[in-house]
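Below is one structure, written out as structure tokens; the observations come after it.
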Amino acid sequence: MEFDELLNRLWFFDYEVFAHDTLMVAINYRTKEKRIFQNQVANVYYEFIDTNHPIFMGYNCKAYDKYILKACMLGYSPEEIKEINDYIIEGHNGWDYPFEGYVELPPIWDLFDCIKTFKSLKEIEGNLRMNITETTIPFDLPTKWNEQQKHEVIYYCTADVNALFPLFDRLINNYKSKFIICRLGKIDPEFGLGMTDANLTATLL
């Protein structure tokens, strides 16, 4: 498997979680195809994964989005997903949440692992002179989205996903280096490139 083959399967993604709506936007790195998952049942996720064999990439996604994806693949309702969201946002670790059931997640790479000092995605977007305006829809909205609210949330979630493209392009040499290390250590690059530098080095040794 070559590095470029992995890039063909790379989908940047981001979640937005509200009291009664869950949204994931995913955009393919190569083709720029966009997929929108709003309150989708688990089978829709499995069909997408079986068809595209994606490698998901986000920002700080291993601490947050990974667990929202897990809940979606387990068939949790938007209200149950909001509980998981709040659990993580309040400072708890996603891996400590008592999920019911097991699911095998696709490979997940996190750009946050390559940032040496903590910065939020919005700070990075600002440094890249991108629009950093947030959605005006409150996350504890007591009703489901109306059409206008839905389009607004999709717009801003898509903007956050698009912000990952230039960030990845600036860090791509880091991933190429990880790929070489994976080859030296006969480590599956789908998962090796999702490790931190320290974990990958330890695995090699």
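Here the condition is being surrounded by 16 or more Cβ atoms within 10 Å (Cβ to Cβ) and touching a strand residue (DSSP E or B) at 6+ places or on another chain (Cβ under 6 Å); of PHE48, PHE37, it holds for PHE37 alone. Out of all the residues in the stretch 1-32, which are of a type in the set (Ser, Thr, Tyr) and touching a residue at least 12 places away in the same chain (Cβ under 8 Å)? Matches in the stretch 1-32: TYR15, THR22, TYR29. Which residues, counting only those in the stretch 175-191, are part of a loop (DSSP other than H, G, I, E, B) and open to solvent by less than 50 Å² (accessible area, probe 1.4 Å)? Answer for the stretch 175-191, where residues must be part of a loop (DSSP other than H, G, I, E, B) and open to solvent by less than 50 Å² (accessible area, probe 1.4 Å): just ILE187. The residue list THR135, THR201 contains one member that is out of contact with any strand residue (DSSP E or B) (no Cβ under 8 Å at 6 or more places or on another chain), among the polar types (S, T, N, Q), at pLDDT below 95 and surrounded by fewer than 18 Cβ atoms within 10 Å (Cβ to Cβ), which is THR201.
Criterion first (within 10 Å of ARG9 (Cα to Cα) and at pLDDT 95 or above) does ASN28 satisfy it? It is true that ASN28 is within 10 Å of ARG9 (Cα to Cα) and at pLDDT 95 or above. Only a single criterion out of (1) assigned to a loop (DSSP other than H, G, I, E, B); (2) crowded, with 19+ Cβ neighbours inside 10 Å; (3) touching a residue at least 40 places away in the same chain (Cβ under 8 Å) is not satisfied by ILE68, namely (1). Each residue in the stretch 56-104 was checked for being under 18 Å from the mean Cα position of the chain (by Cα), of a type outside the set (Ser, Thr, Tyr) and at negative phi, and 28 of them qualify. Just one residue in the set ASP21, ASP14 is acidic (Asp, Glu) and over 13 Å from the mean Cα position of the chain (by Cα); that residue is ASP21.
The values are calculated or read from the model by the stated rules, or taken from the named source; none is laboratory data. Everything numeric in this text was worked out from a predicted model, so none of it was measured. In this analysis, Cβ positions are derived from the backbone assuming ideal geometry, glycine residues included, and neighbour counts consider all displayed protein chains. Just so you know, the surface numbers come from the protein's heavy atoms only, side chains and all, with ligands and any DNA or RNA stripped out. Shrake-Rupley method; radii C 1.70, N 1.55, O 1.52, S 1.80 Å.
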